[in-house]
Amino acid sequence: MGSSARWTWVSWLKIVVFLLLCAPAVAMVVAVVSGRAGPNPIEFLTHETGEMGLRMLMLGLMLTPMRWWFKSTVPIRFRRMIGLFAFFYVIMHFAIYTVLDQQLDIASITEDLFKRTYIIAGFVSLVLLVPLAITSTKAMMRRLGKRWLSLHKLVYVASIAAVLHYIWLAKGDQIEPLVYAAILAVLLGMRLWRKFRRG
Amino acid sequence: MRDWMKMAGIRSSEITDETVFRQRRHLIQAAAAAGITGAIASEAHAKSNPLGMPVKKSDYTVDGELTSEETATTYNNFYELGTDKGDPVKNAKFLKTEPWSVTIDGECDAPGTYTLEDILKPHDIEERVYRLRCVEAWSMVIPWNGFALGDLLKRFKPNSNAKYVAFETVSDQKLPGMRSRVLDWPYREGLRIDEAMHPLAFMAIGMYGNVIPNQNGAPMRLVVPWKYGFKSIKSIVRISFTDELPATSWNMSAPHEYGFFSNVNPEVSHPRWSQAKERKLTGSAGGLSALFASKTETFYLNGYADEVGSLYADMDLKKFF
Ligand code: HEM
């Protein structure tokens, strides 16, 4: 809420956004408990959490372009929350895979991690997000100074890896992963464009 | 987004009922026209036995819990009706099965276009309980109603050049999933002639004693229980006898992932996941308990090795996966 701890409309908006981003998790739990998630709730949860993780990453990457557009730093104040939501959904995704899907079968998990390109891409993405989540606090930002920004550029790599993960796991020629790829290309392209235009 | 219906609490059964009802009526008419049931196919009987035909039990059955009818009819892969497992039941109404005809062509002496009634006429309907193993590592146990595929194929008098049988799914209807080019439509499948003639290969027109719902491949679909589920092609409109190995949809889409044979084999993993285990979907473990149900071992040829193992006796199954 900023060091001045002023209670502004942004604070209210933060609460609203927080609740909105919790809602999908609540909906998932309700769907599973009620049986509405269908006969294969593990698959359901894997897909829902994976998709939410990716959406959160994309949403997080929209904040900087929004800052340029609105010429306001307000969007940036949502960066940590949205980033941590991305991390939350991805961790849930990974936990569901290891505990529920693979049932902690270490041999099978290691086989996946070494042999299957889409899993490797997902894992790279997940691993890259860990230091970002750890260094997301105010104190860490202060401590790292300029290096914080460089470190957090890793989110670009994590997002690319996540989209590759999705493209490679999809069966047949599905459009959805390509839609995410296109959105990511635009979001990263805007940054490049700006950089080169400024020299 | 794909699961908005589930999230919104819309039960799929609310949607199926009407479609299934119309389907049943159609099949009863077909059965009546075929003279199998004669007077039995009255409205009154239709209610008690919607398939409208006597169904005799067969020796083909398996141990283990049956998958609930709701599960087997609401969790489907039928890409013409959408790629999500819940899509086919939602979009079932777009598939029109009345009238229905099947074109038989290629290396046989009795080619032609036959109405569904003509196709069904001579066959006694039996029930077979088969395991179904999806390539995605889940499985079900389903009571199918139908007849041996070989009995049907023999009627068209395949000649000595008929080394394979190719099948096609309906593609001349504007089905919602066909707007995207997930696969190269029409959906195609195929079997070697000895596989097709094996008594285990089955043509289903019903399940659970009911007319097969659209999302499960109405009005007529293959059931080849020792192969991954996608081989059991749905809503068949063409059967061709060929002397060359026919092109099959998933093989065309990803040749290194899906072979022509696609026999269930725990030793040969799919490039993207292991096939050693499967998740049994019974539908009885509801809610949270379904999250912790353990996986079970997958068996070679889905447990049908005694019956069909000899078909592959001297083949390198790593190569011919
Ligand atoms: C070690 C890390 C990861 C593992 C083991 C993993 C595993 C999986 C598995 C098993 C699936 C389902 C595949 C299928 O149905 O065939 C999946 C789907 C998915 N994952 Fe991951 N994943 C990982 C990391 C990530 C990350 C970091 C993201 C995004 C930020 C992500 C996003 C997705 C998406 C979007 C899907 C597809 C969901 C859908 O089909 O709707 N995953 N993942």
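The values are calculated or read from the model by the stated rules, or taken from the named source; none is laboratory data. Not measured: the values here are computed from a predicted model. Cβ placement follows ideal geometry from the backbone for every residue including glycine, while neighbour counts extend to all protein chains displayed. Heavy atoms of the whole protein, side chains included, go into the accessibility calculation; ligands, DNA and RNA do not. Shrake-Rupley method; radii C 1.70, N 1.55, O 1.52, S 1.80 Å.
Residue-wise HN-Hα couplings along region B:103-117, as the Karplus relation 6.51 cos²θ - 1.76 cosθ + 1.60 with θ = phi - 60° gives them from phi, are 8, 10, 8, x, 6, 8, 9, 10, x, x, 10, 10, 6, 4, 4 Hz; Gly and Pro carry x. Here the peptides B:101-114, B:124-137 are ranked by packing, the mean other Cβ count within 10 Å, and the order with the highest first is B:124-137, B:101-114. Backbone N atoms of region A:155-183 closer than 12 Å to the 7 Å Cα→Cβ label point of A:MET190 belong to residues A:183. Rounded to 0.05, the FRET efficiency of the A:MET66 and B:ARG272 pair, given R0 = 51 Å and the Cβ-Cβ distance, is 0.90. Taking every protein chain into account, the 1.4 Å probe leaves A:MET58 with about 10 Å² of accessible area, to the nearest ten.
Can you check what the net charge comes to around A:TRP12, using other residues whose Cβ is under 13 Å from the Cβ of A:TRP12 (Lys, Arg +1; Asp, Glu -1)?
Here the charged neighbours net out to +3.
Take the Cβ atoms of A:LEU154 and B:SER160, set R0 to 56 Å, and the FRET efficiency comes out at 0.30. Residues of region A:105-141 with an amide N closer than 16 Å to a point placed 7 Å from the Cα of A:ALA25 along the Cα-to-Cβ direction: A:133-134. Buried accessible surface for the A/B chain pair comes to about 3000 Å², total over both chains, computed with a 1.4 Å probe.
Residues with beta-carbon under 11 Å from that of B:SER284, excluding B:SER284: net charge, scoring Lys, Arg +1 and Asp, Glu -1?
Values: positive: B:LYS280; negative: B:GLU65, B:GLU70.
Net local charge, B:SER284 excluded: -1.
Shielding of peptide A:98-104 by partners, expressed as the average count of other chain Cβ atoms within 10 Å per residue Cβ, is 3.
Let me check something: with ligands and nucleic acids excluded, how do A:TRP68, A:TRP9, A:TRP148 order by accessible area (1.4 Å probe), largest to smallest? Intermediate values should be presented prior to the final figure.
Working: A:TRP68 70, A:TRP9 165, A:TRP148 25 Å².
Ranking A:TRP68, A:TRP9, A:TRP148 by accessible area, largest first, yields A:TRP9, A:TRP68, A:TRP148.
For B:GLU107, what charge total do you get from the other residues with a beta carbon under 13 Å from its beta carbon, if Lys and Arg give +1 and Asp and Glu give -1? Result for the neighbourhood of B:GLU107: -2.
Model label points for A:ALA182 and A:ALA139, set 7 angstrom from Cα along the Cα-to-Cβ axis, are 4.5 nm apart. For the segment A:167-177, counting C-beta atoms of other chains within 10 Å of every residue's C-beta and taking the mean gives 5.
Give the accessible surface of the protein assembly as shown per residue, rounded to a whole number of Å², with probe radius 1.4 Å and ligands, DNA and RNA excluded.
On the way: 24320 Å² over 520 residues.
Ligands and nucleic acids excluded, the result is 47 Å² per residue.
For region B:158-218, applying the loop criterion from DSSP together with a ceiling of 13 other beta carbons within 10 Å to the trypsin sites (Lys or Arg not before Pro) yields B:LYS174, B:ARG181. Ordered from largest to smallest accessible area (heavy atoms of protein chains, 1.4 Å probe), the residues B:THR282, B:THR169, A:THR137 come out as A:THR137, B:THR282, B:THR169.
Just list whichever of B:LYS227/B:LYS318; B:LYS56/B:LYS227; B:LYS85/B:LYS280; B:LYS56/B:LYS96 have alpha carbons separated by over 21 Å in the model shown. Each step should come with its number before you reach the end.
On the way: B:LYS227/B:LYS318 15 Å; B:LYS56/B:LYS227 25 Å; B:LYS85/B:LYS280 16 Å; B:LYS56/B:LYS96 28 Å.
Table pairs above 21 Å Cα-Cα are B:LYS56/B:LYS227; B:LYS56/B:LYS96.
Rounded to the nearest Hz, the phi-derived 3J(HN,Hα) couplings of region B:227-234 under the Karplus curve 6.51 cos²θ - 1.76 cosθ + 1.60 (θ = phi - 60°) are 10, 4, x, 5, 6, 7, 4, 9, where x marks glycine and proline. In the protein assembly as shown, the DSSP-assigned H stretches of four residues or longer account for a calculated mean residue ellipticity at 222 nm of -13500 deg cm²/dmol, using -39500 (n - 2.57) per stretch and the full residue count as denominator.
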